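This report concerns only the one structure given below.
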Amino acid sequence: MPNYQFKVDVEPQYLPDQSVPEQNLYSFAYTITVTNTGDIPAQLISRHWIIGNAQGQTEEVKGLGVVGHQPLLKPGESFQYTSGCRLRTATGTMRGSYFCVAEDAGRFEVSIPAFVLDAGGGPSRVLH
């Protein structure tokens, strides 16, 4: 039976030049590297994000692909992209999943562990 597996690495970053703290607008970028660590080519079809702020408000974002792409990754290949979001608080979290389809038509989801968005300038953290 084939091994369907993608590894996801995230590097969040606060964007002070695109933020307006006095209006409670905080901009963040995140760079994601998706690597096929399985043993069969597979394509990232869609994404699902849950974005939360420090006031407990959440927003869900769903859509096809990532930054206009639906990368097909052979075993060992990676795809990297940068995207962003805005929060009304100086800190928040993001977590989510990717829906993927393997070359043999197998379908699987890849969990993206929660990570912290922090305008305080501290080190970025991935939550487990």
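The values are calculated or read from the model by the stated rules, or taken from the named source; none is laboratory data. Predicted model, so just to flag it, every value in this text is computed and none were measured. When we count neighbours, we look across all protein chains shown, and the Cβ atoms used for this are built from the backbone with ideal geometry, even at glycine.
None of THR82, THR93, THR89 is β-branched (Val, Ile, Thr), at pLDDT 95 or above, within 20 Å of ASP17 (Cβ to Cβ) and part of a strand (DSSP E or B) except THR82.
Using the structure shown, decide if VAL61 is surrounded by 15 or more Cβ atoms within 10 Å (Cβ to Cβ), of a type in the set (A, V, I, L, M, F, W, C) and in a strand (DSSP E or B). It would help to see each step written out before you state the result.
Working: surrounded by 15 or more Cβ atoms within 10 Å (Cβ to Cβ): no; of a type in the set (A, V, I, L, M, F, W, C): yes; in a strand (DSSP E or B): yes.
For VAL61, the condition - surrounded by 15 or more Cβ atoms within 10 Å (Cβ to Cβ), of a type in the set (A, V, I, L, M, F, W, C) and in a strand (DSSP E or B) - is not met.
Annotation note: of PHE99, PHE79, the sole residue that is out of contact with any Lys or Arg (no Cβ under 9 Å at 6 or more places or on another chain), in contact (Cβ under 8 Å) with a residue 12 or more places away in the chain, closer than 22 Å to GLY38 by Cβ and of a type in the set (Phe, Trp, Tyr) is PHE79. Candidates VAL20, VAL66: the one that is surrounded by 13 or more Cβ atoms within 10 Å (Cβ to Cβ) and of a type in the set (Val, Ile, Thr) is VAL66. Reported count of residues in the stretch 23-36, each being surrounded by fewer than 16 Cβ atoms within 10 Å (Cβ to Cβ) and touching a strand residue (DSSP E or B) at 6+ places or on another chain (Cβ under 7 Å), is 4. Taking SER27, is it at negative phi and touching a helix residue (DSSP H, G or I) at 6+ places or on another chain (Cβ under 7 Å)? Spelling it out, SER27 is indeed at negative phi and touching a helix residue (DSSP H, G or I) at 6+ places or on another chain (Cβ under 7 Å).
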